[in-house]
Amino acid sequence: MKYFEFTKSDYDYIVKEAMLDDEYSKLLEYKIKGYSRVKIAMELSVSEYTVDKMLQKLKKKITKIL
């Protein structure tokens, strides 16, 4: 499965079912929009390393509910 190629309804479902907080829902939105990890780090005011760790957690959450 290729991650982060979702529709709006997919996004809504994932946010609801995975109970994503605001930061993780924004991360998912940015990934769907194709933002780079550098841009995501800037938008979320975190380091690129933190973005990588957050993405790992997000992928696990998505895998669990799909």
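In the set 20, 27, only one residue is surrounded by 16 or more Cβ atoms within 10 Å (Cβ to Cβ), at pLDDT 90 or above and part of a helix (DSSP H, G or I); that residue is 27.
Can you confirm whether the stretch 4-12 contains a residue that is surrounded by 12 or more Cβ atoms within 10 Å (Cβ to Cβ) and on the phi > 0 side of the Ramachandran plot?
Filtering the stretch 4-12 for residues surrounded by 12 or more Cβ atoms within 10 Å (Cβ to Cβ) gives 4, 6, 10-12.
Pick out the ones that are also on the phi > 0 side of the Ramachandran plot and you get 4.
The answer is yes, given that some residue of the stretch 4-12 is surrounded by 12 or more Cβ atoms within 10 Å (Cβ to Cβ) and on the phi > 0 side of the Ramachandran plot.
The values are calculated or read from the model by the stated rules, or taken from the named source; none is laboratory data. Remember, predicted model here, so these are calculated numbers, not experimental data. We place every Cβ from the backbone using ideal geometry, glycine too, and count neighbours over all the protein chains shown.
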